[in-house]
Amino acid sequence: ALQLDKPPPAREKWGKQVEFVLSGIGFAVGLGNIWRFPYLCYKNGGGAFLIPYFICLVTGGVPIFFLEVGLGQFMSEGGITCWNICPIFKGIGYGTTIICFLLNVYYIIILAWAFHFFVNSFSWELPWGSCDNWWNTDNCFRGRNQSTSGSGSAPVDPVVEYWERKVLKISSSIEEVGTINWELALSLLFVWILVFFCVQKGIKTSGKVVYFTAIFPYFMLTALLIRGVTLDGAMQGLEFYLKPNFSKLAEAQVWIDAGTQIFFSYAIALGCMTALGSYNDFNNNFIRDCILISAVNSCTSLYSGFAVFSVLGFMAKELGVPVAQVAESGPGLVFIAYPKAVTQMQYSSVWAALFFFMIILMGLDSQFVGVEGFVTAVVDLFPGVLRQGRRRELFIIIVSVVSYAIGLLMVTNGGMYVFQVFDYYAASGMVLLWFCFFECVAIAYFYGVDKFYGDIATMVGYRMNPWLRWCWLYFTPL
C-alpha cells in the first residue's frame with residue numbers, strides 16, 4: 001500500500017491570553033516609539049501634533065489594526081492564507097509577507113549596532129567620550145565651543161567619529177562597498193541566534209520570552225526618565241518637546257508625518273498582527289485586547305518623548321546651544337545624540353549600558369515577532385510539508401541563515417547606504433498605505449462589511465460599535 005502523508009498537526013494556541021497581548025505590545029512598541037515619534041512631535045508643532053496624530057490613529061491605524069487581528073482570529077490562518085476569505089485579493093498576503101521578510105533582514109542591523117554599543121559601555125571611560133583613540137582624527141574636538149578644531153578645519157564630535165569610523169567604518173558612497181566589518185558581523189550573528197531561540201518552538205517559546213522583553217523595557221525607560229528629569233536643563237527640553245504651535249496644523253506635511261508614524265508604529269500591513277491573532281481561541285474577545293495594545297503603544301510613544309527630551313535639554317544646556325541643535329531622529333538619536341548626552345552624566349557607563357540594553361530588548365521582540373509572522377505565513381501556505389516533525393524548525397534555520405547572509409551586505413564599509421536603501425524602499429509609507437487601502441476594499445466592499453461584522457459578533461458574542469464599519473467603508477481608504 002502507498003504510504004500516505006499524515007495530516008498536518010493541529011495549529012497551536014496561546015498558552016495564556018496575556019501572551020497574545022504582550023506579543024502585540026512587543027511587536028508594535030519598537031524603536032520608532034523612541035527615535036521617531038518624539039522628534040516628529042517637536043518638529044511638527046509640539047503638543048499640537050497630537051491632534052493630527054490622534055485623528056489618524058482613530059480613523060486609520062486602529063481600524064486596520066482591528067481588521068488584521070480579527071481576520072487572523074476568524075480564519076486561524078497566517079498572513080497569506082487568511083485571504084482565502086476573499087481569494088481575488090490573495091496578492092495582499094504575498095505582498096505583505098515579502099515586505100515582512102525584507103523588514104526582518106534590515107531591522108535587525110539596528111540591534112547589531114546597539115549590541116556593539118552595549119558591549120562597549122562596560123568600561124570605566126566610554127570609548128566615544130574622548131579624542132585620544134586610534135580612530136579619532138585631528139578634527140576631533142570635545143567641548144562647548146566647536147567653531148574650530150585643532151587642525152583649523154570643521155570640528156567633529158568624538159561620538160560622531162566613534163559612530164562613523166569605529167562602528168560603521170563607513171565609506172564615502174554606496175559604490176564603495178568595501179569589506180565586511182567583522183565586529184558588526186559577529187554582533188549580527190549573536191542577535192540572529194537570540195532570535196532563533198526565541199521563535200524556535202513557535203509561540204510556545206516566543207509567548208514566554210515576551211513576559212521579559214515586553215515588560216522589562218518599561219522599568220528601564222522609567223529609570224532613564226527619572227534620571228532625565230533630575231538633570232539641569234531638563235525642563236527646557238520638555239517644554240521644547242510639548243509646547244504647542246497650532247499654526248503648524250495648516251501644513252500638509254504635518255498630517256503626512258502623523259499618518260506615516262501611525263502606520264509604522266502599529267506595524268500594520270505586514271501580516272504579523274494577523275499571524276498573532278490566528279493563534280487566539282475563536283471566541284477570544286480580541287476587541288478588548290486590541291484596545292489595550294493600542295493604548296499602551298500610543299502612550300509609550302508619548303512617555304518615551306519625556307525620557308528623550310529631558311536628556312536632550314540637559315545636553316543643550318551643557319553645550320550652551322539651543323535644544324533644536326541637539327534634537328535628532330532615527331539612528332542619529334540613538335547612536336549619536338543620546339550617547340553624547342550620557343558622557344556628560346555621572347556614572348555614564350551605567351546609563352549607557354541601561355539605555356542600550358533597553359534598545360536591544362525593544363527591538364528584539366519586534367524582530368522575533370516579525371520572523372514569527374513571516375514563518376507562520378509560509379508554514380500555513382504549506383502545512384502538509386512544514387508542520388510535520390521538525391521541518392518548521394529547519395525552515396526557521398534556513399530563513400535565519402539566508403537573512404543573515406543578506407544582512408552581511410549591511411555591515412560592510414558601504415553597509416549604511418545599503419541599509420538606507422532597504423529602509424527607504426522595502427517598507428516605505430507609500431507601500432504600506434496601498435496595502436492598507438486594498439485590505440479595506442477587500443473586506444468592506446468585496447467580502448462585505450456587514451458580513452465581517454457578523455463574523456466578529458459570532459466570535460466575541462456581541463455586535464461592535466458601528467464606528468469601525470464606517471472607517472472600513474469610508475474614512476480609512478481615504
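Quick notes
- Any chance F65 is within 20 Å of the chain's Cα centre (by Cα) and touching a residue at least 12 places away in the same chain (Cβ under 8 Å): yes
- Residue within the range 420-430 that is more than 25 Å from the chain's Cα centre (by Cα) and surrounded by fewer than 21 Cβ atoms within 10 Å (Cβ to Cβ) present: no
- Residue match in the range 268-281 (condition: at negative phi, out of contact with any Lys or Arg (no Cβ under 7 Å at 6 or more places or on another chain) and aromatic (F, W, Y)): no
- Applying the set (1) surrounded by 22 or more Cβ atoms within 10 Å (Cβ to Cβ); (2) touching a Gly at 6+ places or on another chain (Cβ under 7 Å) to N245 leaves exactly one unmet item: (1).
- Condition check for K201: at pLDDT below 95 and assigned to a loop (DSSP other than H, G, I, E, B): yes
- A258 being surrounded by fewer than 18 Cβ atoms within 10 Å (Cβ to Cβ), under 30 Å from P322 (Cβ atoms) and among the small types (G, A, S): no
- Those helices (runs of 4 or more DSSP H) of the range 1-109 in which at least 1 residues are polar (S, T, N, Q) and crowded, with 24+ Cβ neighbours inside 10 Å, considering only elements entirely within it, cover 17-28, 31-35, 62-75.
A quick yes/no check of all residues on (1) at pLDDT 95 or above; (2) under 29 Å from Q367 (Cα atoms):
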position	(1), (2)
E183	yes, yes
S187	yes, yes
T205	no, yes
Y211	yes, yes
A214	yes, yes
P217	yes, yes
T222	yes, yes
M235	yes, no
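- Number of the exception - V449 against (1) over 30 Å from G207 (Cα atoms); (2) aliphatic (A, V, I, L, M); (3) buried (at least 21 other Cβ atoms within 10 Å of the Cβ); (4) over 22 Å from the mean Cα position of the chain (by Cα): (3)
- Checking the stated criteria, N84 turns out not to satisfy the condition of being among the polar types (S, T, N, Q) and in contact with a Pro (Cβ under 6 Å, 6 or more places away or on another chain).
- Applying a threshold of 7 Å to beta carbon distances and a minimum spacing of six or more residues, or different chains, the list of pairs starting in the range 177-196 at a residue that is at positive phi and ending at one that is at pLDDT 95 or above reads G178/S171; G178/T412; G178/N413; G178/G414.
- The range 305-391 holds helices (runs of 4 or more DSSP H) entirely within its bounds, and those carrying 3 or more residues that are touching a residue at least 12 places away in the same chain (Cβ under 8 Å) and crowded, with 24+ Cβ neighbours inside 10 Å map to 338-342, 348-381.
- Check on T148, surrounded by 13 or more Cβ atoms within 10 Å (Cβ to Cβ) and either under 22 Å from the mean Cα position of the chain (by Cα) or at pLDDT below 95 (or both): no
The values are calculated or read from the model by the stated rules, or taken from the named source; none is laboratory data. Everything quoted here is computed from the prediction, not taken from an experiment. Because the Cβ atoms are built from the backbone with ideal geometry, glycine has one as well, and the counts that use them run over all protein chains shown.
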